[in-house]
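The values are calculated or read from the model by the stated rules, or taken from the named source; none is laboratory data. Quick caveat, the model's predicted, so the values are computed rather than measured. As a convention, Cβ positions derive from the backbone with ideal geometry for all residues, glycine included, and neighbour counts pool all protein chains shown. Quick note on the areas: whole protein, heavy atoms, side chains included, nothing else; ligands and nucleic acids left out. Shrake-Rupley method; radii C 1.70, N 1.55, O 1.52, S 1.80 Å.
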Amino acid sequence: MSTINAIAHLNELTKEIENDYYLTAQVTATLGVDDIVTRIAAREIATKNVDGAAFIKTFLDECARAAAEGNNIVTPFFRSSIGIQGSVLANDLGHNIPADRLKVSVNLTQGDGARRAIESCVIHAFEQSGATGPVIQSVTDPTENKPNHLNPGGMALISGMRLAVKGDDASVGILFTSEKEPATTVFVAPKSLSPNSPTKLQFVLPAAVTEGKWYVRVTTQSSSNTTQILKTPRSYDYPEIIKVGDVPGYERPGEL
């Protein structure tokens, strides 16, 4: 089992508790690409005659193992560091503390190579010629504004383009599909939406959309011409997974 050493700092802000501490990770070392390759070689994993995908997977796996030992990783594409959130008490000091008692994360920022590549690129934005279907740009709970996260029974806001849900086809509406059980779906009818506009769809998340991971689809017969109803419904499947409730693996932006 890997160990991350952490430095305990007396928490001066919680005056009602006298012996609690917050932690910062002690960096074991900062490792570059060559260091990770050396670690792989030490595991006696042959790198000759290995397909590229297998080698990259092994490389990233070794990065993860190194991070779990308290190392920072520096590559051209990313830099990683260890973050620790939560507090411990005085009697915890000097003892191993299970990671699940705290919020331990690997924080990623772009490396120099990624930064230089992005700085030299240009952005070409366009709308598909003759586009008539809906496009989802974000899904949030407007009371907290966390991307791709909703709360059971809370408000849901879908933002985008050409979203107005109109038409008499049975498929017109919003469809949630469980990532774990694809046969489980929950349908939100147009009458439940307010506002129901080209750029915003807001509604109360149905109770049947329980805690977990879900896919979202919007289907409508409306078009960019707000007075025109299409004969054939158009759908848009949001490419991101929506996490509902306290789902393991939900991180703030910038964390992995």
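Results, tabulated for the structure shown:
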item: Residue list for segment 195-249, filter: within 19 Å of Ala170 (Cα to Cα), in contact (Cβ under 8 Å) with a residue 40 or more places away in the chain and among the basic types (Lys, Arg); result: Arg217, Arg234
item: Some residue of segment 58-66 being of a type in the set (S, T, N, Q), modelled with pLDDT of 75 or more, surrounded by 13 or more Cβ atoms within 10 Å (Cβ to Cβ) and not in a strand (DSSP E or B); result: yes
item: Out of Gly212, Gly167, Gly173, sole residue that is under 19 Å from Leu150 (Cα atoms), in contact with a helix residue (DSSP H, G or I) (Cβ under 9 Å, 6 or more places away or on another chain) and small (Gly, Ala, Ser); result: Gly173
item: Enumeration of residues in segment 164-196 that are open to solvent by less than 20 Å² (accessible area, probe 1.4 Å), within 23 Å of Gln228 (Cβ to Cβ) and either part of a strand (DSSP E or B) or among the small types (Gly, Ala, Ser) (or both); result: Ala164, Gly173, Ile174
item: Number of the condition not met by Ala41 [criteria: (1) part of a helix (DSSP H, G or I); (2) closer than 29 Å to Pro248 by Cβ; (3) open to solvent by 60 Å² or more (accessible area, probe 1.4 Å)]; result: (2)
item: Leading residue by the ranking (modelled with the lowest pLDDT) among those in segment 197-227 that are open to solvent by 90 Å² or more (accessible area, probe 1.4 Å) and farther than 17 Å from Val139 by Cα; result: Thr227
item: All positions within segment 67-76 that are open to solvent by 40 Å² or more (accessible area, probe 1.4 Å) and either part of a strand (DSSP E or B) or touching a helix residue (DSSP H, G or I) at 6+ places or on another chain (Cβ under 7 Å) (or both); result: Val74, Pro76
